Every structure is written in structure tokens, then in C-alpha cells.
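The structure appears below as C-alpha cells.
What follows draws every value from the coordinates through simple rules; no lab data is involved. Being a predicted model, the structure only gives us computed values, none of them experimental. Every residue, glycine among them, receives a Cβ derived from its backbone with ideal geometry; neighbour counts consider all protein chains shown.
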Amino acid sequence: MRRLKKFLFVFVAILLLLPSFLVTAATNTSKSDEILSQEEGKVSSKDEVVYGKLSATGERQELYVVNILDVEKAGKVFDFGVYSDLKNLTDLTKLEQTNGAVEFMAPEGKFYYQGNINDHSLPWDVSVSYLLNGKEMAPEELAGQTGRVQIRIATSANNEVDPLFFENYLLQVSLSLDLDIYSNIKAPDGMLANAGKNKQITFTVMPEKEEELLVEADVVKFELEGIDISAVPLSMAIDSPDIDGMVDDMESLTDAIDELHNGVGELNDGVEELNSGVKDLRTGSAAYHEGMETVAASSSELVRASEQIEQALAMLNSSLTGNTEEIDLGDLKQLEGGLLQIAGSLRDTSKGLATLKDHYAGAYDALDRVMIAIPTHDISEAQIQELYGSDADPALLKQLIDTYTAAQTAKGTYSAVKAAFTAVNSTLAEVNSGLVEMAAHLEAMAQGVSSSLEGSDMANSLTQLQKGVGELASNYKKFHAGLVGYASGVGQLSSSYDQLDGGIADLSKGTGELEAGVGELHDGTGELKEATDDIPEQMREEVDQMMAEYDKSDFEPISFMSPKNEKINSVQFVLKTESIKYEEPEADEEVKEEPKGFWARLLELFK
């Protein structure tokens, strides 16, 4: 009983105190709401997620933004943007929109609200086209079709929107293909992955890039889930690559090109010297050829003169062989003059041969030095084919090989006839010595004839004269036969040298073209050297430029809804095209009547 009284007492006390407590709480709540309505809230950051629904061909249909505000201080918050409809996703607080701003009371923490957009464009233009067996078709026509399908997705910049999004955002485009209806799937620029019974295809479009993406496959009763397109700021942890090794390799390459240029320069100098020497050889060969022709012509004249001397000596010997009493002393006087004249002719011929011998020796020495200077390198056909397989200029290689072939041909021909050239000099010396000796004999004979005419023993003198003339005529026949052989050899040598001189002329032409070609090669290696000197530095600059192109570390996001919004943490885009579905036609079903019961039949009687 006492416990009951105590409980009643406490209960009455609570009843008495409760109204005042409720009044105080209500008063405090009212004051709290009043303070909250009067104080301005503070937002530390804001995120925006833009959701878009596109048609199957990429046209914008619906667009809304989920705004996420991190409220640091509770109170009245303003967020800028023009929306056609607003929805509070956090609580039941009313959202008001005036003069391009959304106003609402926000507690501390995350505050979410959605705003639908009518007149705002996306930063990218998206176009999707469909082809079946090479023929473009509308999505609704393609549904349920079978064949080889192509899906083309084109992305480009929308110039009506701030370019900051296009320049800094990475697009990811993905499709999910049901492997029950798709096969032989190809996506040249996409990444393919298995996702259950589907094949996931993902494309990446870098900032500032406009792309046309392609997916093709064999399909049975075409259907397609929507194409997902997401856009986020490019945030890739790209470390600067270590290109020191590559730069060192390029420096080695530039050094090698420099050495190549210097080597070609030395080759150019060598070819210039070779060409100069070959020019001298050509000049000397022309002079030698002319000298050989002169020798050949002179040899013919010498043979004809020798024939006349032989005939004269034969006639003289025949005349002296007869009766000495019939010899007229006047004829002997004429004989003395004739002998001296023949001796003088022989000495003149000897002087001409001596001059010819000196000229021949000089020309032959020059020819021999140049011919010996031609290298005897043996370049095989395999080595020549290997050269043609290199990166060298084929025209220049042909000039080099033609020049090499001509030089070796000239050297080989010269080696074959060198013995004949050497014999000419000694033969000229022998012929010259014989002419001098014969001239001395004739002069001695003439002196003998003169002494005989002055002496008293005419018979004895005539006898000695007959003997001397007979020996001279006999020896001269042998000399004349040798002279004829010499003239024939000189003629053959002169004829053979025509070919060698022609080869030397071709060689001179080839070395001239070679010099011009190597000069052009030297100019080309000079340009290559100049163009590649700064390649290592260019590589570093290109890498730095490439890194700068993808380094978005200094990117500061802006609001998609209004430039007045501050403290933007991130803005993302999530887009999706509508699906293409194929509805199987429904078959007509026959309606079967159920058997009627007793009450049903009874009721029908009263209808």
C-alpha cells in the first residue's frame, strides 16, 4: 500500500512538471530553429555527378545532377544552378530556387539533392550508328536482325560548352555483349574482358581527342544493353620515364653519324685524288696512244726507207760485182755522195727514234705508276649483293661497282700487255743502235771510195769496196728483216692499246661520276649530321612535352552548373544510351471454356 502511494505521488509530480518542461523544450526548439534560419551555413567542398540518358543513337534525352555538399557549418546554404525540378535526397527540408540559386537549410555533414536540367548541353557530342552486313540501319529496325553487325561510336568536342572538360577529362566507353547472341567479336581499339556470360568491351578516349570507336560481331536476333559512357578528370600517376639509356644510345648514334660523315669526307677526298690521278692517267694515256700511233706510222716509213736502202745496196753490190774495168769513176763519185746521203738519213732517223724513245719512256713510266696505284682488292659477288642489301644509295653503289670493274679491267689488260710495252723501249734502243752502226759503216765506205779514187791502186780499192758493199748488203737484209718484224709488233701494240685507252677513258668517266656521287653523299651525310646533332635534346623535350600533355596535376575542377559555385572537389559524368530490345511476337492462345457448375447453369435460367 505504501509503495502504491509513493508511485502515485511520483506520477502526480511528473504530471505537474511535464507541461512546464514541454513548454521549455518547445521554446528552446523554436529558438534553435530561429537561430538556424538566421545563420548562414558554410560549405567546405562540393561534388557534382551529372547523369544523362541518351537515345540509342546518342542524342541527349534526360539530364540531371546529383549535388553533394560537405556542410561544415549548419545553416542556410546557397548553391548556384538553374534546374527544371529539384529533389532533396537527404531529408524533408524544402528546396527553393530563386535567381539561379538553390536555397535550403542544411545540417552539418553531407547533403545530397538532385536537380533536373532542360537546357544544359554536355561537353561532348556523342553519335552512335549501326550497320548490318554493311548497310546502315535505325536501331528499331535492327532489333531482332541476324548478320554481321557494326557499332560505331563517335565522340567529339561540343564547342558550346567550356572546353576545360574536353581538354582535361578522360572518357571511358563500355559495352556488354551477351555471348548467347554475339560471336566473333572484334574491337580494334578496345579492351575485351569476360564478365560472366557477357563480353565486356571498354574503350578509352584521352583528353583533347576525338575518336571513332568500332565494335563488330556476328549476331543472332540483335539486342543491345545501353552503352555506358563515363567521364572523369585524367588522374594518372605517370612517373617521368628513365630515358638516360636511350639518350646515351642516341648520342652514340649521333657520334656514329658524325664519324660516318667524317669517313665519307675522307672517302670524298680519296675519290677526288683518285679522280685527279685518273685524269692524269687519261691525259698520259691519250699522249701515249698518240705516241704509239706516231711510232707505228714512223715504223712504216722506216720500213719503206729501209727497203729503198736495201734495194740501193743490192744494186750497188750488183754493179760492183761486174767487170771493174767498166766502172765509171764519175759513178763512183756519185756512189760516195749516195753513201753519205744514206748515212745522213740513217743518222736523222736515229735521232728521231731517240726522241721517240725518250717520250715513250716518260709516257710509259707515268702509265705504269698509275696502273700500279690501282688497288687490287678482290670484292666478291656475295659482298656486292650484301652492299645492295644495305641502306646505301643503289645508284651510288652502281657507280662504285662500275668504277671498280672498269679499274680492274684496265689493270688486268695492262698486266697482259705490259711485257710488250717494256719490249718497245729496248727494241727502240736496239733499232737506234743498228741505225747508228749502219750509218757508220756507210760513212766508212764512202770514205773508202774517196780514198780509192785518190789512190793509185784503183783495182785493189775497188776489190775492197766490192767486198765491203757485199757484206753490207748481206747484213742489211738481216737488219731489214728484223726492222719489218719490229714494225709489225709496234703496229699490233698500237692496235691493242686502242682498247686499253678506251678502258682508261671509261675509267676516267666513272671516277668523275663517282666523285660527283660521293660529293652528294658527303652533302647528304652533312645534312644528316646537322639534323641529328640535337636528337638527344629533342628526345628529352619530346618526352617532357608528352608528360606535360598527360600531366593534369595542376587541373582545378569547375562546376558544371555554374561558374559561381566555389570549392568544387570533383565533377563526374555518367551517361548511358537506351537499350535496344527485341520483343518476341506473342502467339494467339485459344481460350478454353471451363465446365460450368450447377449454380452457374441455374443462374443462366433467370437471365
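Taking only the alpha carbons of the range 116-196, we obtain Rg and Dmax values of 16.1, 43 Å in that order.
Here the extension length gained between LYS564 and LEU131 equals 151.4 nm, from 0.36 nm per residue of separation less the Cα-Cα distance.
Pairs to check: LYS135/LYS197; LYS186/LYS581; LYS186/LYS221. Give those whose C-alpha atoms are more than 27 Å from each other in this structure. With Cα atoms farther than 27 Å apart: LYS135/LYS197. If the chain linking LYS53 and ALA373 were pulled fully straight, counting 0.36 nm for each residue of separation and taking away their Cα-Cα distance, it would gain 106.5 nm. Summarising the label geometry, the points placed 7 Å from Cα in the beta-carbon direction at ASN194 and ALA314 lie 11.6 nm from one another. Projecting label points 7 angstrom from Cα along Cα→Cβ for LEU214 and ASP393 puts them 4.1 nm apart.
For the range 89-173, the list of GluC sites (Glu not before Pro) that fall in a loop by DSSP and count at most 13 other C-beta atoms within 10 angstrom reads GLU108, GLU160. Between ASP119 and GLU96, what is the FRET efficiency for a Förster distance of 30 Å, r being their Cβ-Cβ separation, to the nearest 0.05? Efficiency, rounded to the nearest 0.05: 0.90.
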